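Report on the following structure.
The values are calculated or read from the model by the stated rules, or taken from the named source; none is laboratory data. Note that the structure is a prediction, hence the values are computed from the model and not measured. Neighbour counts are summed over all protein chains in view; Cβ atoms, including those assigned to glycine, are modelled from backbone coordinates with ideal geometry.
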Ligand code: LLP
């Protein structure tokens with residue numbers, strides 16, 4: 001199994017991440033614990049930025065914060081010179097409170113509320129990526145009321161199906177996102193927008209899906225976008241000054257996962273944009289890429305403590321950990337396959353085939369169906385790799401499990417960036433109406 005980022009096995013035979021012994025991390029901060037490898041996260045940010053800037057200087061990389069959003073993460077992203085993609089008032093609020101420059105924020109979402117649009121204008125976000133006509137009309141009205149003009153991109157559905165789980169495909173025509181090219185809606189709504197005084201149409205956006213391994217669909221998407229841009233130029237005179245090709249590059253969850261590299265993906269997109277623009281004599285637009293998972297997923301590891309172990313003779317060994325679908329719903333949702341090891345026995349040969357399960361009251365609460373572990377025992381620390389994206393951000397309090405803490409590790413230092421929820425936090429928002437306060441049994 002390939003170790004990720006700065007991971008090492010130290011002299012004690014323990015897994016080390018960011019120079020920190022993960023067994024020590026588990027003792028100090030408790031488990032389940034999300035561990036974020038700062039150096040690896042930053043190096044992925046730099047790889048994207050440098051590759052893209054090298055090939056296509058007039059460009060920006062923005063981080064799709066839905067993958068993992070915390071205040072400290074916003075600071076890292078800002079320090080690395082990236083912009084930010086937010087999709088809700090909550091993500092926008094987090095970024096704003098963390099001091100992220102609003103002008104570098106792109107506001108996505110297929111059903112932004114009036115409050116959220118108002119917030120975007122109030123904070124002065126750089127770009128609103130408009131998904132549909134309803135949103136366009138709302139935004140135009142709100143901007144006029146404030147006496148401003150909102151800079152917008154339109155989210156386009158290019159009609160491309162990337163090979164990934166159907167729940168994470170977003171570019172095909174039958175999608176809840178964006179304006180279709182094939183059905184003519186994109187043309188209609190953009191033409192309408194060009195005459196609205198409250199918005200300035202800057203460009204177009206598309207996102208073809210997530211956890212994509214092959215890069216060909218990106219090339220196809222660029223072509224489709226330029227065909228459409230050219231059609232719009234001929235029909236309306238509109239020339240886009242910005243093109244956002246979304247995110248979606250896959251990562252390694254499991255042995256056998258072989259996504260294209262950042263370099264390959266960025267190069268293909270940048271080169272295809274140059275070619276397609278050149279072929280149509282179209283001015284080169286400012287190019288935006290908005291990866292999430294491929295920046296942060298492999299920088300994340302979750303540490304659990306093993307508790308009960310159940311043997312069903314001749315069938316299966318169930319090894320239960322102190323977390324599960326509440327901190328990582330991806331196995332239940334997408335049949336995602338993970339890999340990991342016993343952090344306190346990292347040098348030992350894994351020789352026992354087990355199923356690692358969570359502690360939720362649900363049979364589907366599995367972490368890994370079949371994995372070889374090194375003689376697992378209660379109290380061992382189990383590390384699951386590649387949990388940086390869409391784990392904490394999709395975590396829940398199912399079964400009233402408090403959400404885990406998150407620690408940022410780098411060169412032997414470990415800092416809490418999200419504190420562990422407490423039982424008190426769990427009831428903090430509960431209210432008991434007076435009429436229920438009578439504590440006697442009624443029947
Ligand atoms: N841009 C837009 C408009 C998106 O909708 C997404 C992801 C991204 C960028 C970033 O995509 P990435 O580079 O992270 O693949 N919960 C699912 C993934 C949902 C992705 C939603 N949109 C999962 O856990 O696999």
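Structure notes:
- Residues being away from the ligand (no atom under 14 Å from the Cβ), crowded, with 22+ Cβ neighbours inside 10 Å and either at positive phi or outside the structural domain of residue 240 (by TED's automatic domain parsing) (or both) - total across the stretch 175-202: 0
- Selection of the stretch 209-238 for residues being under 22 Å from residue 133 (Cβ atoms) and either in contact (Cβ under 8 Å) with a residue 60 or more places away in the chain or not in a helix (DSSP H, G or I) (or both) yields 224, 225, 228, 237, 238.
- For the stretch 226-248, a tally of residues being within 14 Å of the ligand (Cβ to nearest atom) and closer than 22 Å to residue 184 by Cα returns 4.
- Consider the stretch 146-164 and keep the residues that are more than 14 Å from residue 112 (Cβ to Cβ) and out of contact with any helix residue (DSSP H, G or I) (no Cβ under 9 Å at 6 or more places or on another chain). The one that is modelled with the lowest pLDDT is 164.
- Pairing each residue of the stretch 99-128 that is without any contact (Cβ under 8 Å) to a residue 12 or more places away in the chain with any residue that is within 16 Å of the ligand (Cβ to nearest atom) and assigned to a helix (DSSP H, G or I), provided the two are 6+ apart or on different chains, yields no C-beta distance under 6 Å.
- In the stretch 56-88, the residue that is nearest to the ligand (Cβ to nearest atom) out of those that are buried (at least 18 other Cβ atoms within 10 Å of the Cβ) and over 16 Å from the mean Cα position of the chain (by Cα) is 60.
- Taking the stretch 274-299 as the range and being more than 30 Å from residue 387 (Cβ to Cβ) and in a loop (DSSP other than H, G, I, E, B) as the test, the residues that pass are 281, 282, 283, 284, 285.
- The strands (runs of 3 or more DSSP E) falling completely within the stretch 320-419 that include 3 or more residues that are surrounded by fewer than 19 Cβ atoms within 10 Å (Cβ to Cβ) and on the phi < 0 side of the Ramachandran plot map to 352-357, 366-373, 413-418.
- Failed item, numbered, when residue 96 is tested on (1) in contact with a helix residue (DSSP H, G or I) (Cβ under 9 Å, 6 or more places away or on another chain); (2) under 30 Å from residue 349 (Cβ atoms); (3) crowded, with 17+ Cβ neighbours inside 10 Å; (4) touching a residue at least 24 places away in the same chain (Cβ under 8 Å): (2)
- Some residue of the stretch 326-342 being over 26 Å from residue 297 (Cα atoms) and in contact with a helix residue (DSSP H, G or I) (Cβ under 9 Å, 6 or more places away or on another chain): no
- Options 267, 260: the member that is in contact (Cβ under 8 Å) with a residue 12 or more places away in the chain and in contact with a strand residue (DSSP E or B) (Cβ under 8 Å, 6 or more places away or on another chain): 260
- For the stretch 286-295, the criterion of being surrounded by fewer than 18 Cβ atoms within 10 Å (Cβ to Cβ), assigned by TED's automatic domain parsing to the domain that holds residue 219 and either more than 30 Å from residue 262 (Cα to Cα) or modelled with pLDDT of 95 or more (or both) is met by at least one residue.
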